[in-house]
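Here the structure comes first, spelled out in structure tokens, and everything after it is commentary.
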Amino acid sequence: QDSKRVIWITAFYSAFSGRLPIALDEFIALHPDIGFEFLPNDTPLDLAAGEADVEIRVTQTIDDPTLICSKLNEVPFSLFVSKRYAARHGLPKSEADLAGHKFVGYDGRHTRNTLAIWLAARIDPGQIVMTCDHTRGIEGAILSGVGLGVLPTSFGNDKPGILRCFDLPPEVSQSMWFLANPAAYRRPEVKTFAAFFVPRYR
């Protein structure tokens, strides 16, 4: 185990329960001399500072031009609500139905993203009863019945107790990226993993 070349990989928490572990298992079977250290975090780590070697990130743009970037796919978003909330207050089917409902909003670094802007343009500020700075917090708040919230469509579809109200327009979708620290990418094991992982995850 100590002789293994280790890749530090970070991603949002939900990624480690999806296709990512399957791809990692396949890679490790082919390259038993390469290991991984998982660093799940809904707040992106600083790749340029060496906090991780590679990252799976959902965002609209990559601000650091020095990172090695490969776009994996588009991530659509939908409005979700818990079954308990819907039983009490109804299930909105379109933007025209949002009046009178309570919402969970994004805060922190997310306040300027397209999801927050889309929601702010369609409801009154007083309708937001809770804010969170990451997807897991939004998901938990929706499940608790606090209010409606926006999640990646695939995440919400997989959660018992959550109902999808309607899909958001394509222009507010984001992208999923494979990112690598340039120094780490020069290591053979990282380059080998990138070449294996990116086309499979797409």
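The values are calculated or read from the model by the stated rules, or taken from the named source; none is laboratory data. The model shown is predicted, which means the values in this text are computed figures rather than measured ones. Every residue, glycine as well, gets a Cβ built from its backbone with ideal geometry; the counts of neighbours run over all protein chains shown. The protein model used for the area step is the full one, side chains on, heavy atoms only, and it has no ligands, DNA or RNA in it. Shrake-Rupley method; radii C 1.70, N 1.55, O 1.52, S 1.80 Å.
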Conditions first: (1) out of contact with any Ser or Thr (no Cβ under 8 Å at 6 or more places or on another chain); (2) open to solvent by 40 Å² or more (accessible area, probe 1.4 Å). P92 passes all but one, so which condition is the exception? (2)
Residues of the stretch 1-15 being buried (at least 16 other Cβ atoms within 10 Å of the Cβ), more than 15 Å from R200 (Cα to Cα) and of a type in the set (A, V, I, L, M, F, W, C), which ones? I7, W8, I9, A11, F12
Go through the stretch 19-34 and give me each residue that's buried (at least 16 other Cβ atoms within 10 Å of the Cβ) and either modelled with pLDDT under 95 or under 22 Å from Y106 (Cβ atoms) (or both). L20, A23, L24
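Only one residue in P76, P65, P44 is touching a strand residue (DSSP E or B) at 6+ places or on another chain (Cβ under 8 Å) and open to solvent by 70 Å² or more (accessible area, probe 1.4 Å), so which one is that? Break it down stepwise before answering.
Working: P65 fails: touching a strand residue (DSSP E or B) at 6+ places or on another chain (Cβ under 8 Å); P44 fails: open to solvent by 70 Å² or more (accessible area, probe 1.4 Å).
Only one candidate qualifies: P76.
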Just one of (1) farther than 28 Å from P199 by Cβ; (2) in contact with a Lys or Arg (Cβ under 9 Å, 6 or more places away or on another chain) trips up S78, so point out which. (1)
If you go through the stretch 8-28, how many residues are within 22 Å of T135 (Cβ to Cβ) and assigned to a helix (DSSP H, G or I)? 11
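One line per residue, one yes/no per condition, for (1) within 15 Å of the chain's Cα centre (by Cα); (2) free of Cβ contacts under 8 Å to residues at least 12 places away in the same chain; (3) over 21 Å from N41 (Cα atoms):
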{"site": "V75", "(1), (2), (3)": "yes, no, no"}
{"site": "S78", "(1), (2), (3)": "yes, no, yes"}
{"site": "K83", "(1), (2), (3)": "no, no, yes"}
{"site": "P92", "(1), (2), (3)": "no, no, yes"}
{"site": "Y106", "(1), (2), (3)": "yes, no, no"}
{"site": "Q127", "(1), (2), (3)": "no, no, yes"}
{"site": "T135", "(1), (2), (3)": "yes, no, no"}
{"site": "G145", "(1), (2), (3)": "no, no, yes"}
{"site": "G149", "(1), (2), (3)": "yes, no, no"}
Failed condition for K102, given (1) under 27 Å from F16 (Cβ atoms); (2) touching a Gly at 6+ places or on another chain (Cβ under 8 Å): (1)
